[in-house]
Structure formats: C-alpha cells, structure tokens
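Laboratory data are not the source of any read-out in this text; all were calculated from the coordinates shown. Please read all numbers here as calculations on a predicted model, not as lab measurements. Using ideal geometry, Cβ is built from the backbone for each residue, glycine included, and neighbour counts are taken over all protein chains shown.
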Amino acid sequence: MVERRIVGLPLEHVLGWAEFCGLRVAVDPGVFVPRRRTEFLARQAAELLRQAAAGQARRGACRAGGRTGRALALAPARPVVVDLCCGSGAVGAVLAAARTEIDLYAADIDPAAVRCARRNIGSGGSVYEGDLYDPLPDTLRGRVDVLVVNAPYVPTEAIGLLPPEARIYESRVALDGGVDGLDIQRRVAADALAWLAPGGRLLIETSERQAPRTVATFADHGLAPRVVECDDLDATVVIGTKPTNAGDRTGRV
Ligand SMILES: C[S@@+](CC[C@H](N)C(=O)[O-])C[C@H]1O[C@@H](n2cnc3c(N)ncnc32)[C@H](O)[C@@H]1O
C-alpha cells in the first residue's frame, strides 16, 4: 500500500474507501474520490429534505385534522431525490442514510462509477448508467423534489494544473467541464424544469469564481437561483428553485 501511495495513487484508491459525512464510501480505481467540500452540497440537500418533510408532515396533520381539528398522523409522501453525475454515489448514500425517508435515484455515465455507486447505495436507491437524465425512468418527469449534482466543472485547460492524484488517477470524464468548466452544468440546468416538481430544487456544486455564471445559467433556464457558501470547506453551491407556477417547457404545468 505504501508503494502504491508513493507512486501517486490517491490514498482513497489505495485504501478502497473514503470518509464522507461520517460514512465509509467505497471508491474503486479510476472513480472520482468524493471531496471534503462536497459534504457541504450533501448537507444543503439534506437540510432541504428535512424542511420539506417537516412541511409535509404539518400539512398532512392539518388535512387529517379536518373538521374535528384532531391531528392524525398521515404517512407523508417520500420526497423524490436524484443524484446526477453520482460518481461513487457518496452524496446519494448520505441522503439515503439521513433520517428523512426518500426515494433515491442516481445516475452516472461511467460504468465503473455506476458499479461503485450500486455498492454504496445498496437497497437505499436505484442507480442508472447513461448520459445525464437519459437513463432515468420517465415516470420521474415533473416529480423530482431535490436534484443534487456535482458535475465535472474543471475548465479543460486547468486539468493540467491539477495534482497528479486527480490528473492521472481519476477519469477525465469526472473532471473535464469544457472550455469554461460549465458545459455539463448548462446541460443539467437546461432540462431541470422538465424533471423538477413545482417548487423542486436543483443544487449544483461550483466554484466561487464560476458561481456568477452558474447563477446566470440557472436564471436563463427558469430557475430562481441563490448562492450558499462555506468558507471552512471552500465550497460553493448554487440552489435553483422551480417556480410553483412554472411549466416544464413542454407546455405542461
Ligand atoms: C466531479 S465527479 C463527482 C462525483 C460525485 N457526485 C461526487 O461528488 O463524488 C463528476 C461525475 O460526473 C460523471 N459524468 C460526467 N459527465 C457525465 C454525463 N454526461 N452524464 C452522467 N454523468 C457524467 C463522471 O463520470 C463523474 O463520476
């Protein structure tokens, strides 16, 4: 193991796992190592789910109370969560392990990542292989409450500046975001309205420098954006909300 680390393999590939939000996440050779800063993305998504579950429980209790005013416990619908560009499935696995019960779907284009995510997510959700939304079941259209995405966002020219652990031992498709780094984010945002439920949220990790362009992309595609940051983890996430009266750009409302 020491020899493998000395030649440059990421520690997590040598060990076969990474710690992420307190979970031990399997990381196979070539698969993107979940970064500490992405814990912020996972926690933001978990907090939105917690709030949504609390809101649903309150509404359910009010409805059930009806004329008697008695608050009966109704089983609230489980929020639908999609972890797109899931890599090892670290973010989805954390959300599946959190206290809020969810219906989890994850997808990635890299077969090695998909195999790894299936192990990490287990019976907590379903993992699909393919290009962005393509492999997801059609029945999810217009029903996704939280769409959480850590897509590649390194500008092509900057890949050569990454440490060898990333540059050599992680797959190019996990890193390369095109000329300005935002190619995949733009494609995700362009189709988000069609998949999100009214009031649903798209959360994308980005960098402080790229955030203004991520925000503009969200707004261009009908999402109301806001930026949240964590200085300790050097993490930036843009959260876009689908307006409750928005159609999905196919004419449906
Ligand atoms: C930066 S890594 C993030 C992985 C994981 N979400 C995490 O935070 O650890 C980006 C992931 O996006 C996947 N990816 C890149 N292009 C994709 C595409 N067009 N469709 C689906 N997944 C894609 C890569 O295979 C890689 O696993």
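Where nothing but the Cβ of Lys and Arg (+1) and of Asp and Glu (-1) is charged, how large is the charge dipole of the stretch 88-167 around its Cα centre, in debye to the nearest 20? Mind showing how you got there, number by number?
Working: 7 positive and 11 negative charges, 55 e Å.
Taking the Cα centre of the stretch 88-167 as origin, the dipole is about 260 debye.
Efficiency by 1/(1 + (r/R0)^6): what FRET value for R172 and R118, r their Cβ-Cβ distance, R0 = 22 Å, to the nearest 0.05? Let's see the in-between values first.
Values: r = 22 Å, r/R0 = 1.01.
With R0 = 22 Å, the Cβ-Cβ based efficiency is 0.50.
Which of A117, A189, A54 ends up with the largest GNM mean-square fluctuation for the chain, with Cα atoms connected below 10 Å?
Maximum fluctuation in the GNM of the chain, among the listed residues, is at A54.
Go through the stretch 116-128 residue by residue and turn each phi into a ³J(HN,Hα) via Karplus (6.51, -1.76, 1.60, θ = phi - 60°); whole Hz please, and just put x for glycine and proline.
Per residue, the Karplus-derived 3J(HN,Hα) values read 5, 5, 4, 5, 6, 8, x, 7, x, x, 10, 10, 10 Hz.
Can you give the local net charge around D131? Use residues other than it whose beta-carbon is closer than 12 angstrom to its beta-carbon, Lys and Arg +1, Asp and Glu -1.
On the way: positive: R187; negative: D108, D110, E129, D134, D191.
My count for the surroundings of D131 gives -4.
Just want to confirm a number: the relative contact order over the chain, from Cα pairs under 8 angstrom separated by 6+ residues, in percent.
Taking the mean separation of contacting Cα pairs over the length of the chain, I get 17 percent.
Spelling out what I want: for every residue of the stretch 101-111, take phi, set θ = phi - 60°, compute 6.51 cos²θ - 1.76 cosθ + 1.60 (Karplus), and round to whole Hz; glycine and proline get x.
Per-residue couplings from phi come out as 6, 9, 9, 10, 10, 9, 8, 8, 8, 9, x Hz.
For the chain, with only Lys/Arg (+1) and Asp/Glu (-1) charged at the beta-carbon, what is the dipole magnitude about the Cα centre, in debye rounded to 20?
On the way: 31 positive and 31 negative charges, 275 e Å.
With Lys and Arg at +1 and Asp and Glu at -1, about 1320 debye.
Taking the Cα centroid of the stretch 20-52 and of the stretch 146-204, what is the distance between the two, rounded to the nearest whole Å?
First find each Cα centre; the distance between them is then 15 Å.
Considering Cα pairs under 8 angstrom that are at least six residues apart, work out the relative contact order of the stretch 93-178 and quote it in whole percent.
Relative contact order comes out at 24 percent.
Return the sequence-ordered ³J(HN,Hα) values of the stretch 81-86 in whole Hz as given by the Karplus equation 6.51 cos²θ - 1.76 cosθ + 1.60 applied to θ = phi - 60°, using x for Gly and Pro.
Here the 3J(HN,Hα) series is 10, 10, 9, 8, 6, 6 Hz.
Counting helices only, and only those DSSP H runs with n ≥ 4, report the 222 nm mean residue ellipticity of the chain as the sum of -39,500 (n - 2.57) divided by its residues, in deg cm²/dmol to the nearest 500.
-10000 deg cm²/dmol
Whose amide H sits under 5 Å from the amide H of S126, counting only residues 5 or more places off or on another chain, with H placed in the peptide plane?
L104, Y105, A106
Taking amide H positions as placed 1.01 Å from N in the peptide plane, with prolines and chain starts having none, which residues 5 or more places from A197, or on another chain, fall under 5 Å of its amide H?
So A197 has HN proximity to R143, V144, D145.
Give the dimensionless ratio obtained when the Cα radius of gyration of the chain is divided by 2.2 N^0.38 Å.
Normalised Cα radius of gyration, the chain: 1.04.
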